[in-house]
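Working notes for the structure below.
The values are calculated or read from the model by the stated rules, or taken from the named source; none is laboratory data. All of these numbers come straight from a predicted model, not from anything done at the bench. Quick reminder, even Gly has a Cβ in these numbers, built from the backbone with ideal geometry, and neighbours come from all protein chains shown. The protein model used for the area step is the full one, side chains on, heavy atoms only, and it has no ligands, DNA or RNA in it. Shrake-Rupley method; radii C 1.70, N 1.55, O 1.52, S 1.80 Å.
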Amino acid sequence: MKFTAELAKTQGSIFNIQRFSIHDGPGARTAVFFKGCNLRCRWCHNPESIDFAPSLEFYPDKCIGCGACFAVCPVSAHIIRATGADEQAIHTIDRSKCTRCLKCVETCYAGALAGVGQTVTADYIVDNVKSEMPYYQHSGGGVTFSGGECMAQPDFLYAVLVGCKEAGIHTAVDTAGNLPWSHFERILDLCDMVLYDMKAASPKVHRAMTGVDNKLIIENLRKLCKLGKRIWIRIPYIPDFNDGEIPGIADILCEIEAEAREAGRKNAFERVELIPFHKLGASKYEALGIGDPTDGIKPPSDAEVARVVEYLRERGLDAYKS
Ligand code: SF4
Ligand code: SF4
């Protein structure tokens, strides 16, 4: 497949390009984070990735009260509200009015407002990724398309994969797997490996934690394994949310491993990574004006994480802490 001028013009929405990532597949990689997700994981540490539309972040401690955003907002979403016993005036945003036009962001020189998400073309991404080529060659790295859910923008993902493959770059797709199989079929030949999330074993718990059950996710994982795709499994480890699901996840993975061995393959999963919950997303929830659903949840201790990794290894999985 050629990276035609038409494919190069394909547009998509991203919210970050991270260089020299060592947490998104083998070697040093460029991670491209697509905006928008079709799951609603209650522990999401990238809440700015969830909406497909641009997001507005507000950091009141940086606001110098210049009033520029009030003047430019077409829907008067910036408001002054009296609060507390002393009726102190504070600057807030009426999110129900905000259309996310991001006009106010352009006027705020104090950096109190930030827009998240930009529409870019496939050739913009491919040129960006290509610029780090020496690092990929030296480290065995490449590009990882992540999110959000990168597979929820199938035309854009296809276009950037064609461009990166044509440039000889190792490609990985990081997905939660909740998409029609046809989405996978379209990109499989362009994708050297898949990073695949397993969030819960029980369909009921999965639905309660993410908004959807895991039937399609497990079906797709089995199909990928049958095709012998190179796969790294990623398990988010969230105390009080999915910690009770680890044995069930191990059961599913071991069953698929056994099927792969029966079919004469060395393994189904090259690696299983445990991703411990952290609190880095808390300030983002506040900046986006949404309540933090993980408020009160503590990150697991190193000892707890080590215990779970050890448990997965005892089950015969090649497990590591991410
Ligand atoms: S433009 Fe920025 S600094 Fe000025 S009032 Fe608005 S948020 Fe505050
Ligand atoms: S993003 Fe647009 S609508 Fe929303 S507060 Fe800023 S100027 Fe107003």
Leu113's amide H: which non-local residues (gap 5+, or another chain) put their own amide H closer than 5 Å, with H modeled 1.01 Å from N in plane and none for Pro or chain starts? Tyr59
Pulled fully out, how much extra length does the chain show between Glu185 and Val75, if you take 0.36 nm times their separation in residues and subtract their Cα-Cα distance? 35.2 nm
Taking H placed 1.01 Å from N in the peptide plane, check which residues at least 5 places from Asn16 or on another chain put their amide H under 5 Å from its amide H. Phe33
Note the direction-averaged projected area, equal to a quarter of the hull surface, for the Cα convex hull of the chain, in nm². 19.0
Counting only protein heavy atoms and a 1.4 Å probe, tell me what percentage of segment 55-116's accessible area is made up of carbon and sulfur. 55
Compactness relative to 2.2 N^0.38 Å, alpha carbon Rg of segment 55-116: 1.08
Note on segment 195-322: contact order normalised by length, alpha-carbon pairs under 8 Å, 6 or more apart, percent, works out to 26
Could you tell me which of the pairs Lys35/Lys223; Lys35/Lys279; Lys62/Lys298; Lys165/Lys266; Lys199/Lys279 are separated by over 23 angstrom between their Cα atoms in the structure shown? Lys35/Lys223; Lys62/Lys298; Lys165/Lys266
Once the Cβ-Cβ distance between Thr99 and Ala208 is put in as r, and R0 is 30 Å, what FRET efficiency do you end up with, to the nearest 0.05? 0.40
Please list, in order along segment 47-55, the HN-Hα scalar couplings obtained from phi with the Karplus expression 6.51 cos²θ - 1.76 cosθ + 1.60 (θ = phi - 60°), rounded to whole Hz, x for Gly and Pro. x, 5, 8, 5, 6, 6, 6, x, 10
Given 264-274, 302-312, the highest-first ranking by average Cβ count within 10 Å works out to 264-274, 302-312
Enter the accessible area per residue of the chain (Å², integer; probe 1.4 Å; all protein chains in place). 47
Can you list the residues, at least 5 places off or on another chain, whose amide H is less than 5 Å from the amide H of Glu149, using H built in the peptide plane? Gly36, Cys37, Asn38
When only Cα pairs under 8 Å and 6 or more residues apart are kept, what is the percent relative contact order across the chain? 19
